[in-house]
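Below is one structure, written out as structure tokens; the observations come after it.
The values are calculated or read from the model by the stated rules, or taken from the named source; none is laboratory data. Keep in mind it's a predicted model, so treat the numbers as computed, not measured. Using ideal geometry, Cβ is built from the backbone for each residue, glycine included, and neighbour counts are taken over all protein chains shown. Calculation scope for accessible area: heavy atoms of the full protein, side chains included, ligands and nucleic acids excluded. Shrake-Rupley method; radii C 1.70, N 1.55, O 1.52, S 1.80 Å.
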Amino acid sequence: MEEVLNNQQVRPGDATQFMHAIFSSDDEMMTFYLTFSRFVNPDSYLVQCTDRKRLEDLANVLRSNVVAFNAIHSYKSISVKEVIKGFGMYMMSIHISNANRQQGADAVGSLINCVIDTTKNSWQFRKMSRANYMHLENVRYLLNRLNTEIDEKEDGKAINL
């Protein structure tokens, strides 16, 4: 990893530029994400786990969050018009009881409310998605660093033999 310059800036093009703006060292970042892991997944602290395992678990949670937020971003693909058309066809069927029609109307109403609420808050979902993605990238960076350190230790052992 390229070292941070004395004035706390990184060389242009450094992939970890955002990380260096927030954290002064890899150790500081590691401490932050292990603490963050404790909040996100407190169960991992009830059993004996390695730091790597805790970071992997945190990465899985963050990855799942990113996937969920990406699904919310696709709300534009939900066509309310098509939902209403399909629902209209369902409601016109003579084989459906009035009770089932009422349940169907409630379900479609809830779906439309969900779509409307999602579109109203889409800016917040984008913001949360970006934050999750940045955390995920930082955790991936730490896991890569741990892998590199393990590989270097194994290479050192092989040379000493």
With each label point set 7 Å from Cα along the Cα-Cβ vector, what nm distance links Gln124 and Glu137?
2.5 nm
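So with the 1.4 Å probe, I'd like the accessible area per residue for region 82-130, rounded to whole Å². Write out the running numbers ahead of the final one.
On the way: 3670 Å² over 49 residues.
For region 82-130, the solvent-accessible area averages 75 Å² per residue.
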Given a Förster distance of 22 angstrom, what is the FRET efficiency for Asn41 paired with Asp151, based on the Cβ-Cβ distance and rounded to 0.05?
0.25
Name the residue from Leu62, Thr148, Tyr45 whose Cα lies farthest towards the positive end of the charge dipole of region 24-159, charges +1 on Cβ of Lys and Arg and -1 on Cβ of Asp and Glu.
Leu62
The FRET efficiency for Ala105 and Ala71, from their Cβ-Cβ distance with R0 = 22 Å and rounded to 0.05, is 0.30
If the chain between Val115 and Asn98 were fully stretched, how many nm would it gain, using 0.36 nm times the residue separation less the Cα-Cα distance?
3.6 nm
Treating only Lys and Arg (+1) and Asp and Glu (-1) as charged, each at its beta carbon, one finds that region 24-159 has a dipole about its Cα centre, in Debye to the nearest 20, of 840 debye
Thr50-Asn144 pseudo-label distance in nm [points 7 Å out on the Cα-to-Cβ vector]:
2.0 nm
